[in-house]
Amino acid sequence: QVQLVESGGGLVQPGGSLRLSCAASGSIFSINAMGWYRQAPGNQRELVANMTRGGSTDYADSVKGRFTISRENAKNTVSLQMNSLPPGDTAVYYCNARNIVTPSGYVYEHWGQGTQVTVSS
């Protein structure tokens, strides 16, 4: 069974930085895409950043130049370095893994439980 465990959320002052990490565990042969989504109160869940196994990245326009996604394929981990955070980045951040190949078969998508990021003075 695949599990995604996030860490690194918390409270940070405006202009500060945080680093989120996510580790996928279980019997996994490969994961095509890993990334981060977020959901603020009253809003829909939205893509923050995504990276394929081959290294292609996709960022939300609002975070380009401030956030950097990275992953280690061999360890099935993905991280998100977030800099210059304004209060508008406050949300629950979810780790996402897509197109997962396991010994039991193919899993389209799996989500972590989410980690709260609060940007406030």
* Structure fact -> For 66-76, 92-102, ranked highest to lowest by mean beta-carbon neighbours within 10 Å, the order is 92-102, 66-76
* Asked: How high is the relative contact order of region 21-121, given as a whole-number percent (alpha carbon pairs under 8 Å, six or more residues apart)?
  -> 32 percent
* Asked: Using the per-residue mean of other Cβ atoms lying within 10 Å as a proxy for protection, in what order, highest first, do the peptides 37-47, 3-13 fall?
  -> 3-13, 37-47
* **Whole-Hz ³J(HN,Hα) from phi, Karplus 6.51 cos²θ - 1.76 cosθ + 1.60, for region 12-25, glycine and proline x** => 9, 6, x, x, x, 10, 9, 10, 9, 10, 9, 10, 8, 10
* Can you tell which of 104, 62, 21 shows the greatest fluctuation in a Gaussian network model of the chain with Cα springs below 10 Å? -> 104
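Bear in mind that the values in this text are calculations on the coordinates, not laboratory data. Since this is a predicted model, take the numbers as computed values, not measurements. FYI the Cβ positions are ideal-geometry reconstructions off the backbone, even for glycines, and counts take in every protein chain you see.
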